[in-house]
Amino acid sequence: DVSNLQKSQLEYAQSTGTALGSMTQKLRDASGGLLGFREAAEATAIGVAKGFSPAMMNNIAEGARKASTALGRDFGDSFDRLVRGISKAEPELLDELGITLRLKKATEDYATSIDSTAEALTASQRSMAVYNETMNQIEANFGSVVPKDNAFILLQKTFDDIVRAGTQFILPFFEGFASIVSRNGVAAVSIF
């Protein structure tokens with residue numbers, strides 16, 4: 001799956017000019033190494049689909065680090081809640097992080113800031129309204145928190161990277177083997 005994810009990022013970059021691989025790495029850096037490749041790539045894809053810039057995704061990662069430190073929560077869960085809560089405008093996900101999202105207020109505030117009305121906002125602008133409100137609350141609630149990273153999580157992500165790099169060499173052999181076995185039921189039974 002990770003290999004397919006990497007290939008799809010390259011294909012996406014070739015067809016759109018948007019380098020998801022680069023954005024993924026920058027997001028991993030913004031997380032202080034707490035995001036593995038897969039988590040960062042999935043979040044990048046969601047963010048791009050919602051029109052979020054790389055800087056916005058990095059801000060979400062930094063906000064998740066502060067919230068998880070302040071609340072004693074797992075970074076991965078905090079990050080996932082922020083990405084999904086903002087992208088889907090789901091107050092329930094954000095509430096677990098002490099963020100009270102009032103969609104009507106967020107859209108009205110954003111509309112006012114761009115000299116428009118809440119009714120006239122596009123879907124992209126509504127997403128931006130949720131992003132702005134969420135990030136404002138993160139700053140208000142956790143702005144002075146100095147993120148503290150869990151050394152064991154960092155070690156786990158380092159091992160994940162080593163395994164991912166190592167499997168790139170042996171993956172073609174196993175893919176070919178699995179393909180042959182999956183097409184021939186007698187061979188599968190014999191081997192297993």
Surface per residue (accessible, 1.4 Å probe) for segment 57-123, Å²: 49 Å²
Exceeding the 28 Å Cα-Cα cut-off - candidates 66/88; 26/104; 105/148; 50/105: 26/104; 105/148
Simple spin-label estimate for residue 42 and residue 123 in nanometres, 7 Å along Cα-Cβ: 2.2 nm
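The values are calculated or read from the model by the stated rules, or taken from the named source; none is laboratory data. Please read all numbers here as calculations on a predicted model, not as lab measurements. Heads up, the Cβs are rebuilt from the backbone with ideal geometry, glycines too, and the neighbour counts pull from every protein chain shown. In case anyone asks, the SASA skips ligands and DNA or RNA and just uses the protein heavy atoms, side chains included. Shrake-Rupley method; radii C 1.70, N 1.55, O 1.52, S 1.80 Å.
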